[in-house]
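The values are calculated or read from the model by the stated rules, or taken from the named source; none is laboratory data. The structure presented is a predicted model; accordingly, all values stated were derived computationally and were not measured. Please note: Cβ atoms are built from the backbone with ideal geometry, for glycine as well, and neighbour counts cover all protein chains shown. To get the accessible areas, we keep the full protein, side chains included, count just its heavy atoms, and leave off ligands, DNA and RNA. Shrake-Rupley method; radii C 1.70, N 1.55, O 1.52, S 1.80 Å.
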Amino acid sequence: MVKRPITLRTTLRYILDDLSRYHLTEKRSYLAIAIMCPGAIAGIYYRLGYWIWNYDGALAPLIGLLRPAYIVGKRIIEIYSGCSISVRAHIGRGLYINHFVSIFVGAVEIGENCNLSHEVTLGVGGRGDRKGLPTLGDRVYIAAGAKLIGAIHIGSDAAIGANAVVTKSIPECAVAAGVPAQVISYQ
């Protein structure tokens, strides 16, 4: 994923890209999606928080004053949507959270056009030098209840099955399922 300077324009472009994914599947207006889809609301709030925390332009001290209000709002969004997305996460455009509730995203890296289902956890795991967070490639689909833990890499175009527990890296174009997760297909 290419990291670009964090500007309000870039943030708004990413929000529109996220909403476009919802628009394709939900067949609703952008305003209706922004109001009625808790997953979209959590994504929008993450994008705004990422901008508040990482903006380094001339107005950075002023923008930094928004942090306490953001933290309070984040708790309200977490209660409403059931999604907790860290502002330290690096998420590419086109994030789609199709079913909200019990989603935890730590300070991970997620590529473009990825799908997260309900009860998904992307969290820290491991000990010592092996401690870390997952990295997801582009167009990764994570099914309901999947847990991705530790310093692992999920290749682009991979799919993780429902309730899988992934603790080892998964190659591109692979489908992984089970506890512990194993590659079951490359189609």
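Quick notes on this structure:
- Within the range 139-168, the set of residues being outside any strand (DSSP E or B), at pLDDT 95 or above and of a type in the set (S, T, Y) comprises S156 only.
- Subset of the range 82-115 [open to solvent by less than 30 Å² (accessible area, probe 1.4 Å), under 23 Å from R139 (Cβ atoms), of a type outside the set (A, V, I, L, M, F, W, C) and not in a strand (DSSP E or B)]: S86, G92, G94, G106, G111
- Of the set (1) among the aliphatic types (A, V, I, L, M); (2) buried (at least 21 other Cβ atoms within 10 Å of the Cβ); (3) in contact with a strand residue (DSSP E or B) (Cβ under 6 Å, 6 or more places away or on another chain), all apply to L133 but (3).
- Close pairs (6 angstrom Cβ cut-off, 6 or more residues apart or separate chains): aromatic (F, W, Y) in the range 49-72, open to solvent by less than 60 Å² (accessible area, probe 1.4 Å) and part of a helix (DSSP H, G or I) anywhere: W51/T11; Y55/I63; Y70/G49; Y70/I52
- Condition met for I76 (loosely packed, with under 14 Cβ neighbours inside 10 Å, within 21 Å of H118 (Cα to Cα) and among the hydrophobic types (A, V, I, L, M, F, W, C)): yes
- Test: residue in the range 89-96 that is at pLDDT 90 or above and touching a His at 6+ places or on another chain (Cβ under 7 Å): no
- Residue tally, condition touching a helix residue (DSSP H, G or I) at 6+ places or on another chain (Cβ under 8 Å) and open to solvent by 30 Å² or more (accessible area, probe 1.4 Å), over the range 137-187: 1
- Hits in the range 118-133 - residues which are within 18 Å of the chain's Cα centre (by Cα), more than 18 Å from G92 (Cβ to Cβ) and either among the polar types (S, T, N, Q) or in a loop (DSSP other than H, G, I, E, B) (or both): H118, E119, T121, V124
- Test: residue in the range 11-21 that is surrounded by fewer than 21 Cβ atoms within 10 Å (Cβ to Cβ) and either in contact with a strand residue (DSSP E or B) (Cβ under 6 Å, 6 or more places away or on another chain) or hydroxyl-bearing (S, T, Y) (or both): yes
- Matching option when the condition is more than 21 Å from G111 (Cα to Cα) and either in a loop (DSSP other than H, G, I, E, B) or out of contact with any Cys (no Cβ under 6 Å at 6 or more places or on another chain) (or both), among R9, R21, R13, R75: R75
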